[in-house]
1. How many percent of the accessible area of the chain is carbon or sulfur, using a 1.4 Å probe?
2. With θ taken as phi - 60° and the coefficients 6.51, -1.76 and 1.60, list the Karplus ³J(HN,Hα) couplings across region 36-44 in order, rounded to whole Hz; mark glycine and proline as x.
3. How many nm separate the modelled label positions at residue 39 and residue 8, each set 7 Å beyond the Cα in the direction of the Cβ?
4. Rounded to the nearest 20 Debye, what is the dipole magnitude of the chain about its Cα centre when Lys and Arg each give +1 and Asp and Glu each give -1 at the C-beta?
5. Sequence-distant or interchain residues sharing an amide H contact under 5 Å with residue 24, placed H: which?
6. Determine the calculated [θ] at 222 nm for the chain from helices alone, applying -39500 (n - 2.57) to every DSSP H run no shorter than 4 residues and normalising by the residue count; nearest 500 deg cm²/dmol.
7. Mind checking the per residue accessible area of the chain for me, 1.4 Å probe, whole number of Å²?
8. Under the rule a/c < 1.5 gives rounded, and otherwise a/b versus b/c splits prolate from oblate, where does region 20-85 land using the Cα gyration tensor?
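The values are calculated or read from the model by the stated rules, or taken from the named source; none is laboratory data. What you are looking at is a predicted structure, and each value in this text was computed from that prediction instead of being measured. Cβ atoms come from the backbone with ideal geometry, glycine included; neighbour counts cover every protein chain shown. Accessible surface is based on the protein model in full, side chains and every heavy atom, while ligands, DNA and RNA are left aside. Shrake-Rupley method; radii C 1.70, N 1.55, O 1.52, S 1.80 Å.
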Amino acid sequence: DTRRWLVSELAKQGRRTLPSEANFVMIDVGGDVTPVIESFRSRKIFVGRKFPSLPNWLRVSIGTRDQVEAFNVALSEIVPMKAVA
């Protein structure tokens, strides 16, 4: 399914995710998630809000395969892996 595909792609990139069987994935962005959320919104990609208890984690709901692929491309541009490591 699309969630498993995304988690697999994120793992290939070396990104950390929290285990999930839900309709979303939590991704560690390596710093405050607020500017990351704003960058996605400026691209018309709407992701979840900041969770105070997980300030470096981005919540991403699983949509269609095309939407998730577009998200993954944008993530690589907004949060390059060197910024996460």
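1. Result for the chain: 54 percent of the exposed heavy-atom area is carbon or sulfur.
2. 5, 4, 4, 5, 5, 4, 5, 9, 6
3. Once both label points are built, they end up 2.6 nm from each other.
4. Around 80 debye, computed over the chain.
5. Those qualifying (amide H under 5 Å, at least 5 residues apart or on another chain) are 62.
6. Value at 222 nm, helices only, nearest 500: -13000 deg cm²/dmol.
7. Accessible surface, normalised per residue, equals 58 Å².
8. The shape class here is rounded.
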